[in-house]
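Here the structure is laid out as structure tokens; the discussion comes afterwards.
The values are calculated or read from the model by the stated rules, or taken from the named source; none is laboratory data. Just so it is clear, the structure is predicted and the values come from calculations on it, not from any experiment. A quick note on method: Cβ atoms are made from the backbone with ideal geometry, for glycine too, and the neighbour counts reach across all protein chains shown. With ligands, DNA and RNA removed, areas are computed over all heavy atoms of the protein, side chains included. Shrake-Rupley method; radii C 1.70, N 1.55, O 1.52, S 1.80 Å.
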Amino acid sequence: MTIKSMTGFARAAGAAGPVSWHWELRSVNGRGLDVRLRVPPGFESLEPRIREAVAKRVSRGSLTVNLNVKRAHGQSEIRLNEVALKQVLVAVETLRHAAAVGPPSAEALLNVRGVLELVEPEETEAEAAARTETMLASLDAALDGMVRARADEGGHLKAIVMRQLAEIERLVDEVERSPARTPAAIRQRLKEQVGRLLEAGATLDETRLYQEAALLAARTDVEEELKRLAAHVAAARELLASKEPAGRRLDFLAQEFNREANTLCSKAYDEETTRMGLELKATIDQMREQVQNIE
């Protein structure tokens, strides 16, 4: 199995004797597997097997399965309803005894509603069972088409996410090599901070100054965030290469990416790191939008 999208569409048609049909399948994003069926009256017995067939091919997404069935014209038969005819004749005879009326014509009798019936040809159990299997075989063909469509779209999604991971990796590397993270730049920031503390209160002792300097250094150190972001990039690439559905795990990983980017932005002590942190967040948000389409 390769990376698949949760978006897809497919159709398949079939026929058996006077009955023809077509399946229409649509799938969109979903947190789990949600199958909605629309089958015509008389075909409700197919529903368990439809759900079973879908579950074998699809692990996630909101699917709508439509079955449309038609019977060929000219296959219906006109039959005389003898019970209804006898009831009409009894009524006519009663009327003739009550009033002076002549006998009705055959045409008049046949025009009475219910005397003539339009009936479908009877289908044996074997014929019905064979038709059911043929219908389900065409459902399999529609599912094959939908899975291919989801796989094709999944290939596009994978390429997009890979490019976004490369951009995240570039930004992480840029922050890692930023001049603002050099020892000289850090010492300068510490010196400026200590200067501001001394201006604010000349009574600060050496221990307090040391504590404030250490706190500033810890607060602006983004080394751990950079390491975790790099690890997340490697994990995401591994998931994209997986043979199993990876959408849920990628979505969770995107949340972890966002958490680290938020922390990095909150620790940023210079304009350049802040700018790159915001770019990271924007790229991660875009990636998460794509990941949410993956099965």
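Here are the numbers for the structure shown:
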{"quantity": "Extension gain, residue 248 back to residue 231 (0.36 nm per residue minus Cα-Cα distance, nm)", "calculated": "4.3 nm"}
{"quantity": "Solvent accessible area, Å² - residue 95, 1.4 Å probe, full protein context", "calculated": "100"}
{"quantity": "Pair residue 123, residue 151: separation of 7 Å Cα→Cβ label points (nm)", "calculated": "3.2"}
{"quantity": "Accessible surface, 1.4 Å probe, highest first, among residues 294, 78", "calculated": "78, 294"}
{"quantity": "FRET efficiency, residue 169 to residue 68 (Cβ-Cβ, R0 45 Å, nearest 0.05)", "calculated": "0.35"}
{"quantity": "Exposure of residue 124 as accessible area (Å², to 10), given a probe of 1.4 Å and all protein chains", "calculated": "70"}
{"quantity": "Solvent-accessible area per residue, Å², over segment 86-162 with all protein chains present [probe radius 1.4 Å]", "calculated": "65"}
{"quantity": "Residue 150 - accessible surface, heavy atoms, 1.4 Å probe, Å² rounded to 10", "calculated": "0"}
{"quantity": "Rounded if a/c under 1.5, otherwise prolate or oblate - segment 18-129, Cα gyration tensor axes", "calculated": "prolate"}
{"quantity": "Two-site label geometry, residue 95 and residue 285: point separation in nm, points 7 Å out along Cα→Cβ", "calculated": "8.0"}
